[in-house]
Amino acid sequence: MTKNHFYEKKGPFPLNEIAKVIGCENKFSNQNNIEIYGFESLTLSTKNDITFLNSHKYKDFSLKTKAAACITTENLSKFLPEKCIKLNVKNVLFSVNQASKMFYPKAEIDLPDEKLKDFYKLKEIYPKVKCGTNVLIGKNVKIGKNSFIGSNSIIESNVILGENCLIGSFVTIRNSIISNKVHIQDGCKVGIKGFGFIPNKNNNIRTPHIGKVILEEGVEIGANSTIDRGSLSDTVIGKNTFLDNQVHVAHNVKIGKNCMIAGQVGFAGSCTLGDNVIIGGQAGISGHLKIGNNVKIGGGSGVINDLKDNVQVMGYPAVPIREFIKQRKNK
C-alpha cells in the first residue's frame with residue numbers, strides 16, 4: 001500500500017503475540033520472535049511486515065515477497081521464500097481479519113468524520129477553489145486550484161484533490177487520493193468501505209478495509225457510482241478512464257488507462273483490467289480475474305474467467321463474440 005494512511009496504525013507487535021491472536025500454533029525461538037511493524041500485501045511487504053497467502057493463484061507474487069512472515073496454510077506454504085516465516089492456520093481469511101484488527105482497530109466500520117467544517121469557514125485556506133452551498137471539508141484536506149465542489153458534498157479528512165477537478169453535488173469522498181482534472185458526478189460515494197466480511201451462521205464478522213482509492217489524472221466517474229477503497233492494497237482507476245452512471249467498483253480493483261465502462265457495470269473485488277478496455281452496460285466481472293489490454297466485453301455479459309489481450313467476448317459465461325453469435329443462431 002502506498003503512503004498516506006487514513007487510519008491510525010498500532011504496533012509494532014511481537015510475532016508470537018500475532019500468532020497467538022490468529023490461532024497459529026507455531027512457537028518461535030527468540031531469534032524468530034521479531035517485531036512486526038505492518039500488515040501489507042504480498043508485493044508491497046518489507047522485511048518488517050506480515051502478509052498473507054490464500055490461493056496458489058498468487059504464487060508468482062508470494063515466491064518473491066519480502067515479508068518477514070506470512071499467514072497461510074500448510075499446503076500453500078511451499079509457495080513462500082525459505083526465509084519467510086510461515087504462520088499456518090485453518091482459516092486464512094479469519095486469521096487475516098484478526099491480525100489486521102490489531103494494527104487498525106478502527107477500520108472495520110466507517111465512522112462519521114467528526115472534524116468537518118463548512119467550506120466558507122475555511123475559504124482562506126482554499127482561495128482558488130469554488131463550491132456550492134453546504135459543502136463540508138475535513139481536517140488536512142488538500143484541494144488544488146481551479147477545482148469546483150457542488151452543493152451538499154463532503155470531502156473527509158486527509159483526502160487529496162488535485163487541480164481543475166469537478167466534484168458534483170451530494171458526493172462523499174473519503175480515504176482517497178485524486179489527481180488533476182478528475183470529474184466526479186452527482187451522488188457518487190468514493191473511498192467507502194467494501195463488502196468484506198467473514199461468513200458466520202451466528203454473526204457475520206466485519207473485516208477492516210485499510211486501503212485507499214486512487215483516481216489518476218483525467219478520470220471521470222458517472223453519477224451515483226460507488227468506488228470502494230482497498231482492503232489491504234488500494235483501489236486504482238487509471239488515467240483518462242471514464243465510468244458511466246451507477247457503476248460499482250469493489251475493493252482492490254485495478255482499472256487501467258483509457259477504459260470506457262458503461263452504466264451499471266459491476267466489478268467484484270480484486271479484479272484487474274488492462275488499458276483500453278471497453279465494457280457494455282450491465283456486465284459483471286467476477287473477483288480476482290485478470291482482463292487484458294484492448295478487451296471488449298458486450299453488454300449484459302458475465303465474465304468468470306481471465307481474458308487475454310485483444311479479445312472480444314459476450315454472453316454468460318462470456319465467450320468469444322463469434323462463438324456467442326453461433327450459439328444464438330443455433331437456438
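What the table below lists for this structure:
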{"item": "Criterion (surrounded by 16 or more Cβ atoms within 10 Å (Cβ to Cβ), at pLDDT 95 or above and part of a loop (DSSP other than H, G, I, E, B)) met by exactly one of Asn245, Asn305", "result": "Asn245"}
{"item": "Qualifying positions in segment 249-279 - outside any loop (DSSP other than H, G, I, E, B) and either in contact (Cβ under 8 Å) with a residue 24 or more places away in the chain or basic (Lys, Arg) (or both)", "result": "Val249, Lys254"}
{"item": "Test for Glu156: is it acidic (Asp, Glu), over 30 Å from Met102 (Cβ atoms), buried (at least 20 other Cβ atoms within 10 Å of the Cβ) and in contact (Cβ under 8 Å) with a residue 40 or more places away in the chain", "result": "no"}
{"item": "Number of positions in segment 44-53 that are assigned to a loop (DSSP other than H, G, I, E, B) and without any contact (Cβ under 8 Å) to a residue 40 or more places away in the chain", "result": "5"}
{"item": "Residue satisfying condition, being within 20 Å of the chain's Cα centre (by Cα), at pLDDT 90 or above and not assigned by TED's automatic domain parsing to the domain that holds Lys142, within set Leu76, Leu63, Leu42, Leu80", "result": "Leu42"}
{"item": "Test result for Ile214, touching a strand residue (DSSP E or B) at 6+ places or on another chain (Cβ under 8 Å), surrounded by 21 or more Cβ atoms within 10 Å (Cβ to Cβ) and touching a residue at least 12 places away in the same chain (Cβ under 8 Å)", "result": "yes"}
{"item": "Residues located in segment 248-273, provided they are buried (at least 21 other Cβ atoms within 10 Å of the Cβ), in contact with a Lys or Arg (Cβ under 8 Å, 6 or more places away or on another chain) and under 14 Å from Leu215 (Cα atoms)", "result": "His251"}
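For every residue, the table says whether it meets (1) surrounded by fewer than 21 Cβ atoms within 10 Å (Cβ to Cβ); (2) assigned by TED's automatic domain parsing to the domain that holds Asn203.
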site: Ala67; (1), (2): no, no
site: Ile71; (1), (2): no, no
site: Lys90; (1), (2): yes, no
site: Asn97; (1), (2): yes, no
site: Leu122; (1), (2): yes, yes
site: Lys130; (1), (2): yes, yes
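The values are calculated or read from the model by the stated rules, or taken from the named source; none is laboratory data. All values reported here derive from a predicted model rather than from experimental measurement. Note that we place each Cβ from the backbone using ideal geometry, even for glycine, and neighbour counts take in every protein chain shown.
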